[in-house]
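Below is one structure, written out as structure tokens; the observations come after it.
The values are calculated or read from the model by the stated rules, or taken from the named source; none is laboratory data. All values derive from a computational prediction rather than experimental measurement. Cβ placement follows ideal geometry from the backbone for every residue including glycine, while neighbour counts extend to all protein chains displayed.
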Amino acid sequence: MRADLALVGFGNVGRCFARLLAQRRDWLALDYDLECRIVGMATRRHGWTFDADGVDAVEAAAALESGSTSSLGQASAEDGGFEVIKGLERSTADFKVVIETTTLDVAAGQPAIDYVRAALQSGCDVVTANKGPVSFAYEELDALATDRGLSFLFEGAVMDGVPVFNLVRQTLPAAQILGFRGVINSTTNHILTAIEHGEDFDTALARMQEQGVAEADPSLDLDGWDAAAKTAALANVLMRARTTPQAVEREGISRSTARLAMAARQRGRHVRLVASGQRTLSGVSASVRLIELDETDLLAGLSGVANALIFKTDVLDEIAICQLSGGLEQTAYALLSDLVTLRRRREAKGDE
């Protein structure tokens, strides 16, 4: 079975995904009878390209990173993403997938929401690692996908490649999520634990930027917006909330946080940026806060880029899922994993 893919967004995650897809090509063919062909790529900075016979995304990634070219072909434009979606609509593949990895917009989730909506309306499945569509428009987009007999998947939106959403939706039937709390932003957790070991704030931040975990402008991480968007996504999908990142009570970290972290460490405790959601009589309340934790708390022991989520359920009490390391490759893997999920769903439909 062949899938044609259009990559809307071709930054660090998109390029890592293109390489991982090439590396796992034989594996996908042998284990899942799945041939994936990238036919289009679009990015706001480097323009866009589309070829129904396929494009070499790995070569394009290398060219952009080396500086040997600054463009994918067509001029850089806001509508490049829509152009490759239009091209993909005409594909004769068994199924068509838009891989959306544009930058998070914490104001309104755009233009990612419009890309996802256009793809679904064009008959394409959607896989995204972007928190925006899930944290601002999950109910609408999920309903649209269901109505069209398509899939809207987003496992990479929270905790990289760890199957957070699948854990609950696929393996906890008839269980209700009453709440959650966790450390879900790698950059801030790395900085806080580095400070505990005597490193300064700026050095720890620079390391995250060098590794591509934090952006050149790291304000989304430091100001708590990334964690707030993930919190909204978790609440919307797993607790049927209708919230947005702006509705999440938010706190971030700054250089002054170092004093709090060191003082807590001297008392045998740890400061962590904790995301949480709680079901209440009036709905779901959500927050991202700096919290001082006892050293026996699971979240207190998370070091470096480690993340974890603890779910409070009605029948299993508390269960936890941890990620001890994370980064670009893990997020790219989530996109690959969602592709396999699409293939399995196609097979299941064929058996009906």
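Take the conditions (1) without any contact (Cβ under 8 Å) to a residue 60 or more places away in the chain; (2) out of contact with any helix residue (DSSP H, G or I) (no Cβ under 9 Å at 6 or more places or on another chain); (3) within 20 Å of Tyr115 (Cα to Cα); (4) small (Gly, Ala, Ser); Ala42 misses just one of them, which is (2). From the residues in the stretch 37-86 that are closer than 17 Å to Thr103 by Cβ and among the acidic types (Asp, Glu), which one is modelled with the lowest pLDDT? Looking at the filtered set, the residue picked out is Glu78. Of all residues in the stretch 273-290, those satisfying the criterion of being more than 21 Å from the chain's Cα centre (by Cα) and part of a strand (DSSP E or B) are Gln278, Arg279, Thr280, Gly283, Val284, Ser285, Leu290.
Give the residue, chosen from Ala194, Ala175, Ala204, that is in a loop (DSSP other than H, G, I, E, B) and small (Gly, Ala, Ser). It would help to see each step written out before you state the result.
On the way: Ala194 fails: in a loop (DSSP other than H, G, I, E, B); Ala204 fails: in a loop (DSSP other than H, G, I, E, B).
Being in a loop (DSSP other than H, G, I, E, B) and small (Gly, Ala, Ser) holds for just one of Ala194, Ala175, Ala204, which is Ala175.
Within the set Thr331, Thr257, the sole residue that is of a type in the set (Ser, Thr, Tyr) and under 20 Å from the mean Cα position of the chain (by Cα) turns out to be Thr331.
Does Asp31 meet the test of being in contact with a strand residue (DSSP E or B) (Cβ under 8 Å, 6 or more places away or on another chain) and assigned by TED's automatic domain parsing to the domain that holds Phe136? When the stated conditions are applied, Asp31 does not pass them. Within the stretch 53-87, the set of residues being outside any loop (DSSP other than H, G, I, E, B) and of a type in the set (Gly, Ala, Ser) comprises Ala57, Ala60, Ala61, Ala62, Ala63, Ser66, Gly80, Gly81, Gly87. When the criteria are applied in full, Cys36 fails the requirement of being assigned to a helix (DSSP H, G or I), under 22 Å from the mean Cα position of the chain (by Cα), crowded, with 17+ Cβ neighbours inside 10 Å and not polar (S, T, N, Q). Does Arg148 count as of a type in the set (Lys, Arg) and either outside the structural domain of Val126 (by TED's automatic domain parsing) or at positive phi (or both)? No, not satisfied.
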